[in-house]
1. Please report the relative contact order for region 195-256, taking Cα pairs under 8 Å with a sequence separation of at least 6, and give it as a percent rounded to a whole number.
2. So what's the Cα pair-distance distribution over region 124-265, bin width 5 Å, in %?
3. Whole percent per 10 Å bin, from 0 to the bin with the longest distance: what is P(r) over all C-alpha pairs of region 192-261?
4. Straight-line reach from LYS75: which lysines have Cα under 22 Å away, leaving out those fewer than 8 places along the same chain?
5. Which of the peptides 179-188, 40-49 is most tightly packed, and how do the rest follow, judged by the mean count of other Cβ atoms within 10 Å per residue?
6. Using a 1.4 Å probe on the protein heavy atoms only, what accessible surface does HIS222 show? Give it in Å² to the nearest 10.
7. How big is D, in µm² s⁻¹, for region 46-184 by Stokes-Einstein at 20 °C and 1.002 mPa s if Rh is the Kirkwood radius over C-alpha pairs?
8. Pulled fully out, how much extra length does the chain show between ASP176 and SER135, if you take 0.36 nm times their separation in residues and subtract their Cα-Cα distance?
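The values are calculated or read from the model by the stated rules, or taken from the named source; none is laboratory data. What you see is a predicted model; the values in this text were computed from it and never measured. Because the Cβ atoms are built from the backbone with ideal geometry, glycine has one as well, and the counts that use them run over all protein chains shown. Only protein heavy atoms, including side chains, enter the accessible area calculation; ligands, DNA and RNA are left aside. Shrake-Rupley method; radii C 1.70, N 1.55, O 1.52, S 1.80 Å.
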Amino acid sequence: MHTVPNPSFYLKTIFFFVLIVQSFTATSQQASPDDLEDYNVAPKQLNNDRTLKLAYIRQSYSTTTLYVTYTCVNKATAFSGLYLNNLRIVDKATGKTYTASNTYGLPTRADSKFFLYNLGTPMMLRIDFPRLPRSVKVIDVLEGSGAGTETYNFTFKNVNVSGAYQMSAKDEEEFDEYVYAEFYAKSFYTHDPVIIDIYVDNHYIGKLEKYIPTLTYTPKCHEDGTFTVCFPTISKRRIYATAKTTASSFTWNFEFTPGGSYSTDTDCSVLELKTK
């Protein structure tokens, strides 16, 4: 004779099944050790010579982003050359080092021709690193020797990134301006093997000493072999440039507007200086 199970047996079976499903779901949704919360930090810390300010740090799922203000406080020259000399983040507790994953056009070569305008409003720069682990609480941002004595040195020490201090509403508003801020640039290049002296707005900047040998190739902004000048606005500028070979002399004299095409979070375009 076939026995009909007690209704309570069905209820218990369903109950235990639901418990198993819920347990599995909770486990699958539980954050892994690598899942990190997002938050912003506002160090607002100046470097040694007050030419750079580490304004904000964003800790997102995959990146740690530094927002640095080029303050233009040094007015000794109209333009200053810049490159990132072994920029790194060091965990104060363990000494572990992290290197940048994206510098958004800021060069990392000593012979790079990259210049920032000193006589305008501050420019906002951005640098990405791999997301720092949750265990990292205090960091040093170091460049070069880490002494922080060189001009325009990206060195900021004892920066708290633990999320211990959250940004105020005013900070959040200002941070949004950093996120969407751009600086404006022009990258000059030539296909000809000549050395070109470049002046902008009657200020001598430096020499374009490299050239692009492939005549059909147009370099991108900030690319090796270009000469990049950065400004806080798209105000019209004047360029004067000269070059001389054993056989000929060349002169360029014209107006240009910085920018022109979107490139790596800066509004930048390239311009060829032709000798033919």
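1. Relative contact order for region 195-256 comes out at 34 percent.
2. Going out from 0 Å in 5 Å bins, region 124-265 shows 2, 7, 12, 14, 16, 14, 11, 9, 7, 5, 2, 1, 0, 0 percent.
3. Percent of Cα pairs in each bin: 17, 47, 32, 4.
4. Straight-line reach from LYS75, under 22 Å: LYS44, LYS53, LYS113, LYS186, LYS207, LYS236.
5. On the way: 179-188: 20.4, 40-49: 17.5.
Ranking, from highest mean packing down: 179-188, 40-49.
6. Number for this one is 40 Å².
7. Values: Rh = 15.6 Å.
It diffuses with D of about 137 µm²/s by this estimate.
8. Values: separation 41, 0.36 × 41 = 14.76 nm, distance 2.69 nm.
Residue separation times 0.36 nm, minus the Cα-Cα distance, leaves 12.1 nm.
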